[in-house]
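Just so it is clear, none of the values below were taken in a lab; they were calculated from the coordinates. A quick note: this is a predicted structure, and the numbers were derived from the prediction, not measured. All Cβ positions, even for glycine, are placed from backbone atoms using ideal geometry, and neighbour counts span all protein chains on display.
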């Protein structure tokens with residue numbers, strides 16, 4: 001078994017492009033669920049709004065790249081208004097059911113053959129990411145070496161001896177933009193939740209009636225939180241679409257949202273850095289398990305009768321689901337969280 | 001796999017769009033039936049035998065599909081004919097997807113196109129063809145979703161006959177909707193009762209449906225008992241599973257005072273556990289029981305329905321009625337309603353609340369398992385069947401009124417009929433979208449549902 005490869009992969013992925021998608025989406029969820037107590041089970045739909053807004057605008061309608069970004073953000077705001085107006089006045093679990101249903105509607109509409117000439121049906125769309133990668137400062141043919149950091153024909157290799165990190169030039173550009181976005185979003189969210197506005201959000205989470213009795217418009221605050229979280233979700237959608245250079249409807253399934261919840265709860269809800277830590281651990285652990293099991297099968301450490309390579313994916317997700325259940329039972333506040341902040345209840 | 005889905009859907013959609021066009025575009029001088037046989041991956045099927053019989057049962061023509069999958073049978077005059085595809089002449093593992101190899105066709109004045117939707121009964125050990133781009137390491141996350149790219153359960157749509165009489169089609173859809181509604185009702189009663197007694201919105205209830213279907217598959221295929229015995233086994237296994245879940249997990253969480261939101265997210269974790277556990281053991285392919293797969297339908301002229309649909313529907317109706325009566329008149333039913341109304345008050349009148357909730361979990365899970373068995377007698381077992389059903393169950397429960405058992409039943413029937421009847425106007429792949437849109441509309445206008453009381457939504 002190639003332990004060096006397994007650990008290198010896990011570490012590479014723990015700060016890589018996919019982890020950034022989970023981190024950004026979970027930050028959005030943190031605003032909604034962590035700080036305001038809104039059970040949005042349709043964050044995947046907000047990400048889909050961003051991804052499909054961009055892809056449709058650029059591929060189907062020929063708009064410039066930045067217009068696509070704008071359209072994606074507007075679509076996310078529209079989605080938040082559409083979901084929020086009927087449900088934010090109702091109890092928390094109604095929002096949960098409506099958002100989960102809305103996410104499923106979005107996915108089914110996206111894969112429908114009725115307008116497949118625009119959306120590509122279940123094949124999705126590609127060909128919208130060139131303007132983004134054209135902006136990349138990284139030379140895909142670069143070759144240099146500086147201590148333990150080297151560049152081999154555009155592939156960055158950071159060699160720590162026992163493990164190494166490897167990124168293609170496209171990954172590097174995604175990560176540069178992604179981490180800058182994460183920093184900006186974190187600063188903005190940090191400023192927001194520590195402002196009087198943010199204190200009202202936490203008040204709503206703790207006791208909606210008390211906040212209402214202080215003369216605050218609870219509905220408006222909840223709606224603002226839903227929109228901001230949704231916008232951040234759309235940004236995660238952009239990152240997702242660009243990092244894969246395609247969009248596919250079935251990747252925006254409800255499971256996607258659930259993994260955002262795993263990330264958020266693992267790191268600690270209502271903590272600024274919770275989603276980042278959660279995403280790094282979640283995605284690192286996923287890759288560690290998946291690569292480890294695949295390598296084990298290939299090296300015949302695990303007998304083929306016990307586990308074959310198509311079963312690795314389900315097994316890893318089974319273990320992650322188990323981890324989520326155990327985490328919520330024994331440590332619902334996650335790694336960074338405060339237990340008192342997660343004693344939420346449906347009111 | 002993904003491409004296969006697209007083409008099949010494209011074929012279906014083209015078929016729907018073609019409804020109006022083809023009959024006028026045909027040459028008017030020829031009368032007969034024709035079609036092209038292809039499987040869901042667009043492979044053309046040659047050498048399959050198709051026969052046409054008239055209303056009196058006399059065979060008037062046969063044909064064998066050519067190398068390009070086409071076949072046509074000229075007919076002498078207008079009338080009603082039965083077009084039958086001999087499934088035994090299909091290549092191995094292929095069968096007619098809606099289990100209706102016989103279609104009734106009204107031929108008036110032109111060539112009618114008759115299509116048989118074919119589906120592969122996949123070898124459970126076969127790996128799904130991997131036509132994705134060379135997998136990057138971070139693409140691994142697509143695995144579980146990438147595998148489920150089969151067509152959504154559209155299997156119940158009525159025979160796809162171009163130009164079939166609209167009323168016949170509507171009646172068939174109505175009955176298939178009632179059947180589907182009864183299946184939803186079986187699952188919905190449990191979800192609604194668990195919510196009523198504990199306040200928990202259980203997101204893993206859909207996967208209890210899958211659990212039942214898989215248990216029946218286990219008994220039927222692995223152990224080898226007939227399907228009806230396997231159904232009893234599955235219901236027993238479902239009941240045991242529900243009992244164990246409440247004993248091992250939910251009752252303990254309730255006693256610890258875990259918040260409802262936390263429990264709701266735990267139920268999502270349970271759903272993932274069951275779903276990926278199923279995927280691990282059964283694989284991503286749709287699997288079928290050994291019996292009742294291609295059943296000969298009863299033909300009443302105005303309605304073509306398979307006996308299995310009639311029997312499963314009637315059993316489901318009987319069970320729902322029984323549950324309703326039990327809720328009304330037995331001590332246990334009254335106790336359940338009392339707990340749903342006010343747990344503390346119920347406890348102070350001497351009702352063992354924990355015991356009632358345990359019973360509700362057991363019965364709810366057993367009914368969900370039964371729904372799973374019945375659904376997969378029609379459509380086969382698939383690891384995510386319950387997940388897709390769950391949203392319809394939610395729609396039914398909310399339409400009827402969250403927490404009310406009777407409301408759940410009425411809501412389920414309405415949703416089932418709505419879903420099936422909506423295929424008259426929208427493409428079948430969008431029928432679930434309509435139901436979910438209804439769910440959101442109810443939220444907007446009458447969030448307490450048909451039978452719910454306003455106070456419940458707080």
Task: Cα coordinate range in chain A, projected on the principal axes (Å, largest first) - done: 62, 51, 43
Task: Compactness of region B:170-457, expressed as Rg and Dmax over alpha-carbon positions, Å - done: 18.5, 60
TODO: Quickly work out the residue A:144-to-residue A:245 label distance, labels modelled 7 Å from Cα along the C-beta direction, and quote it in nm with one decimal.
DONE: 2.5
Open item on the list: Classify region B:173-215 from the C-alpha gyration tensor, please: rounded if a/c falls under 1.5, else prolate or oblate depending on whether a/b exceeds b/c.
Closed with: oblate
Task: region A:1-118 shape via C-alpha gyration tensor axes, a/c threshold 1.5 - done: oblate
TODO: Provide the FRET efficiency to the nearest 0.05 for the residue B:296-residue A:1 pair, computing r from the beta carbons and using R0 = 35 Å.
DONE: 0.05
- [ ] Compute the distribution of all C-alpha to C-alpha distances in region B:327-458, in bins of 5 Å from 0, and list the percent of pairs in each, rounded to whole numbers.
- [x] 2, 10, 14, 19, 18, 15, 11, 6, 3, 1, 0
TODO: Run the numbers on region B:170-457 and let me know its relative contact order in percent, using alpha-carbon pairs under 8 Å that are six or more apart.
DONE: 37
Task: Computed over region A:1-55, Kirkwood Rh from alpha-carbon pairs, angstrom - done: 13.2
Open item on the list: Could you work out how much longer the chain between residue B:332 and residue B:437 gets when fully extended? Use 0.36 nm per residue separation minus the Cα distance between them, nm to one decimal.
Closed with: 34.1 nm
Open item on the list: Modelling each spin label as a point 7 Å along the Cα-to-Cβ direction, I'd like the residue A:117/residue B:225 distance in nm, to one decimal.
Closed with: 5.5
- [ ] Subtract the Cα-Cα distance of residue B:53 and residue B:76 from 0.36 nm times their separation in residues, and report this length gain in nm to one decimal.
- [x] 7.1 nm
TODO: Kindly provide the helix-only [θ] at 222 nm of chain A, computed as the sum of -39,500 (n - 2.57) over DSSP H runs of four or more divided by all residues, to the nearest 500 deg cm²/dmol?
DONE: -20500 deg cm²/dmol
TODO: Quick one: among A:237, A:334, A:305, which has the greatest mean-square fluctuation in a GNM of chain A with alpha-carbon springs under 10 angstrom?
DONE: A:305
TODO: Choose one answer from A:115, A:283, A:67: the residue with the largest mean-square fluctuation in a GNM of chain A with alpha-carbon springs under 10 Å.
DONE: A:115
Open item on the list: Given contacts defined as C-alpha pairs under 8 Å and at least six residues apart, what's the relative contact order of region A:3-342, whole-number percent?
Closed with: 32
Task: From the C-alpha gyration tensor of region A:151-253, square roots of 5λ in Å - done: 40, 17, 11
TODO: Have a look at A:228, A:184, A:100 and tell me which one the Gaussian network model of chain A (Cα, springs below 10 Å) gives the largest fluctuation.
DONE: A:184
Open item on the list: How high is the relative contact order of region A:24-163? Use alpha-carbon pairs under 8 Å, at least six apart in sequence, and give a whole percent.
Closed with: 20
